[in-house]
Every structure is written in C-alpha cells, then in structure tokens.
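The values are calculated or read from the model by the stated rules, or taken from the named source; none is laboratory data. In this text, all values refer to a predicted model and were calculated from it rather than measured experimentally. Note that each Cβ is placed from the backbone with ideal geometry, even for glycine, and that neighbours are counted across all protein chains shown. Note: accessible area is taken over every heavy atom of the protein model, side chains too, but ligands, DNA and RNA are not part of it. Shrake-Rupley method; radii C 1.70, N 1.55, O 1.52, S 1.80 Å.
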Amino acid sequence: MNDQIQGESAVGSPPMGYLDHARVGPLAPVAATAFAEATALAGRSGPGDLDRLFALSDAARASAAGLIDARPHEIALSPSTSNGLFAVAAALRGPGTVLVPRYEFPANVYPWIRFAGRGGPDVRLVDPDGHRHISPDLLRRHLTPEVTALTVSAVDSLTGHVAPLAALKEVLGPDRLLIVDAIQGLGAVPLETDAADILVSGGQKWLRSGWGAALLLIRDRCAERLAPGIGGWAGVTEPFAARHPAPPLPGAAAHLATNPDFPAAAALGAAIDELLDRGGPAAMGTRIRATLAELLDRARRAGAEVLLDGLGERERAGIGTFRLPGHDPVAVHHALEAAGVITTRRGEWIRLSPHASTSAAATDLFAEALHTLTHRPSSIPASHIRTSANTSTSSDTGTSANTGTSTSTSTDNPRTQEPTCPTT
C-alpha cells in the first residue's frame with residue numbers, strides 16, 4: 001500500500017489528488033469504526049459478545065441484499081472476490097462450456113481455467129471483435145449448444161465500460177447462467193444486478209470497506225444447478241453430525257468453506273449502509289461520473305487520447321483511461337505522482353478513478369500537472385508512440401477451448417503489464 005493511502009487514517013479522508021479508487025478505495029471512516037468495534041467485541045469475548053459479533057455477519061448480508069435487490073439467504077460472505085469466483089467455479093459441474101471474454105481481469109479467468117478438466121465446464125475465451133467488451137450481438141454468435149454460462153465484469157477494469165447485463169442475460173436466456181464480477185462497479189454506479197444469476201464483489205474498491213469480506217450472490221433461480229464444491233463445515237446443516245457429509249445449508253451459505261471474517265463483515269455492512277443512506281448507487285454514480293467527465297475533458301485539452309472515447313454517459317462507470325502521445329507513459333505516471341495525483345498505469349495508459357468525494361481542486365491539480373508535462377520537451381520521439389486508441393488491442397492468436405489458456409506474442413496489450421499489487 002502506498003504512503004498516500006497509509007496517511008489517510010490521520011485525517012479521515014484520502015489525499016486531495018487521489019484518483020485511484022479502482023485500485024484501492026481508502027478505508028471509509030464508518031467502515032474503520034465498524035471494524036474496530038467488531039474487533040473489540042472479539043477481544044472481550046464475554047457473555048453475549050460473540051453472539052453480537054456473529055450477528056454482524058447477518059446484518060451485513062441483509063444490507064447487501066438491500067443494495068442488490070436480493071433475499072438475504074441468497075447472499076453469503078466470502079473472503080474476497082477471487083475466493084467467491086473460485087467457489088462458483090468449483091460448484092459448476094460439467095459437461096458444458098463457460099464463455100470468458102479474453103480481456104477479463106485475471107481474477108475472473110483463473111477460477112474457470114483451474115476447474116476445467118477437473119469436473120468443471122470447459123473454457124472458451126471470446127475475442128472482443130476489436131472492442132474491449134462483449135456485446136449482445138457478439139455473445140449471440142458464440143452461443144453454441146454446449147455453452148452453459150457467461151462470466152463477465154460488470155465494469156471493465158481498464159476502460160470503465162459498463163456491461164449491458166440485462167441485454168446479455170436476455171441473449172443467454174433462462175437456461176444459461178450469467179456470472180458477474182461486480183467489484184469495479186458495485187457502489188460506484190447503478191448496475192443491472194437483477195440480470196445476474198450469480199454475482200461476486202469485494203468491498204476494498206468503491207465501497208471502501210477494506211479487505212476480508214466480499215458478497216457472493218447466488219439467486220434461488222439457479223441454486224439447484226450448483227453443487228457445494230468447496231462448501232465446508234460452515235455450509236452444512238449439521239456440521240457435528242456423526243455421519244458426513246451433512247446436507248448443505250439453503251442458499252448461498254452452502255458454498256462457504258468456513259465462517260466469515262466478522263470484523264471485515266461489519267466494515268462491509270457499515271459501508272453499504274452509509275452508501276444507501278446517501279442515496280445509493282444512483283446518487284453516487286451521478287457525482288462520480290460528473291467528476292470523471294471533467295477529468296477526461298481536462299486530459300483532452302492537454303492533447304490526451306481517451307480509451308473508448310465514444311462511450312456514452314451511462315456506458316462508462318467511474319473509470320477513464322488516457323495516454324499522452326509523444327510522452328513516455330512511465331514518465332507521465334511519475335510526474336503525476338510527484339504532483340500529488342495518484343493514478344494507476346497500465347502499459348501506455350494512465351487510469352483515472354475518482355470517487356464522489358473527489359474535489360474540484362483535485363481536477364485542477366490534475367490539469368496543472370498535465371499542463372506542466374505537455375509544455376516540457378518530449379521524452380521520446382513522437383514516431384515511437386502509437387496514436388490510435390485501437391492499436392492497443394491484443395494480437396493473441398492461440399486459444400484452447402478446453403483449458404482456457406492462450407498464447408500471445410504481443411506486447412501491446414496493457415493487461416500484460418499489470419502493476420505488482422494484484423488488486424487492480
């Protein structure tokens with residue numbers, strides 16, 4: 001974690017130029033308080049203290065149900081987004097094929113690859129036809145009879161594109177599952193969560209609740225199609241029965257390996273409650289999108305190219321990505337950081353992800369840093385910089401429908417140059 005995030009606890013808010021919530025959302029004060037209070041309960045362990053601690057998990061599930069219009073029993077608390085996706089991959093049995101867009105964040109790729117050939121469905125990577133997201137028309141062309149599920153990010157972690165979940169589910173129909181990794185959109189903008197049969201999201205980004213708890217939604221309409229793949233003693237009705245396995249618990253809890261992290265669950269529940277008290281994703285999304293639009297406008301004025309610049313207002317969430325032709329992206333990223341503007345670099349692209357609390361002063365700080373950059377001599381020859389926003393798409397050519405592995409010789413794909421922190 002960088003020094004800017006560590007310094008937040010002293011003032012209760014991130015530094016002014018923090019534009020990196022798609023990587024890590026600095027812990028919200030209400031979440032920090034809930035975490036501390038729950039930890040104190042665990043430390044006392046007096047009569048009733050543990051019962052109150054355990055009840056925080058139920059309260060968090062109820063809050064999450066209100067956020068995504070679900071029943072509380074349809075939600076379990078997983079340790080992380082990745083853990084939740086692995087639980088789903090373990091629960092899906094073959095035969096069949098799950099479609100995975102090639103440019104998915106790796107957390108939504110590896111679970112399916114790992115369980116392919118181990119009783120899970122085969123994997124087919126879908127190339128996005130020159131785009132970075134899967135459209136309903138593209139999905140329709142890949143719906144062969146063996147396809148049983150599509151897994152997709154609600155919001156693309158590089159471009160900020162919002163997936164048309166309802167339209168994708170309509171193409172899939174009731175007999176195929178729509179599985180959604182929602183971490184880059186949940187809490188930031190309204191999402192078509194009703195369309196998701198299964199949805200997983202941690203809270204360490206836009207919900208700003210830290211690590212340790214993620215919500216796992218498994219709708220009743222598809223629950224019978226999932227076996228309790230990694231469901232352990234916490235997911236059965238009689239964990240201390242003389243004979244095993246005992247029957248699984250109803251709902252999403254059947255897929256729990258063990259109890260959740262109760263302080264982390266308390267933080268997640270508190271963050272969701274505060275979000276709902278402040279108008280929910282609709283109100284939050286209006287502010288975030290307005291701030292992002294201003295940041296991208298300032299970038300364009302400085303001569304930047306915006307990735308997927310043609311996205312409509314409702315097609316982009318809280319993420320926007322740009323590059324400055326003629327300027328070394330590493331130098332751009334470092335210069336922004338030196339000016340107090342915290343972003344993420346993906347290859348040649350710089351990703352912006354403000355929150356509702358991002359101030360106008362942060363936008364001015366960003367614009368001033370870009371102005372300084374663009375009035376310096378170019379650090380590399382302009383002839384060495386590509387100028388088309390579409391040239392960064394992958395030239396991957398090899399795909400295995402059974403394992404989901406691919407071979408690539410391209411270095412243009414920014415997703416091959418992930419930062420060290422695996423939370424981006």
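Side notes on the structure shown:
- For the stretch 41-56, the candidate set comprises residues that are open to solvent by less than 60 Å² (accessible area, probe 1.4 Å), within 30 Å of the chain's Cα centre (by Cα) and modelled with pLDDT under 95; within that set, the residue that is nearest to residue 194 (Cα to Cα) is 53.
- Unmet criterion (only one of (1) surrounded by 18 or more Cβ atoms within 10 Å (Cβ to Cβ); (2) under 18 Å from the mean Cα position of the chain (by Cα); (3) part of a loop (DSSP other than H, G, I, E, B)) for residue 231: (2)
- Pairing each residue of the stretch 30-46 that is free of Cβ contacts under 8 Å to residues at least 12 places away in the same chain and over 13 Å from residue 56 (Cβ atoms) with any residue that is open to solvent by 60 Å² or more (accessible area, probe 1.4 Å) and aromatic (Phe, Trp, Tyr), provided the two are 6+ apart or on different chains, yields no C-beta distance under 6 Å.
- Residue match in the stretch 279-300 (condition: within 30 Å of residue 364 (Cβ to Cβ), open to solvent by less than 20 Å² (accessible area, probe 1.4 Å) and not in a helix (DSSP H, G or I)): no
- Whichever residue in the stretch 115-132 is farther than 19 Å from residue 316 by Cα and of a type in the set (Lys, Arg) and, among such residues, is surrounded by the fewest Cβ atoms within 10 Å (Cβ to Cβ): 118
- If you check 173, 202, 212, 185 for being among the small types (Gly, Ala, Ser) and open to solvent by 20 Å² or more (accessible area, probe 1.4 Å), only one passes: 212.
- Hits in the stretch 133-155 (condition: open to solvent by less than 10 Å² (accessible area, probe 1.4 Å) and touching a Phe, Trp or Tyr at 6+ places or on another chain (Cβ under 8 Å)): 151
- In the set (1) open to solvent by less than 10 Å² (accessible area, probe 1.4 Å); (2) in a strand (DSSP E or B); (3) β-branched (Val, Ile, Thr), the condition left unmet by residue 159 is number (2).
- Reported count of residues in the stretch 324-357, each being open to solvent by 10 Å² or more (accessible area, probe 1.4 Å) and of a type in the set (D, E, K, R), is 4.
- Answer from 70, 38 - the residue that is among the small types (Gly, Ala, Ser), within 30 Å of residue 289 (Cβ to Cβ) and at pLDDT 95 or above: 70
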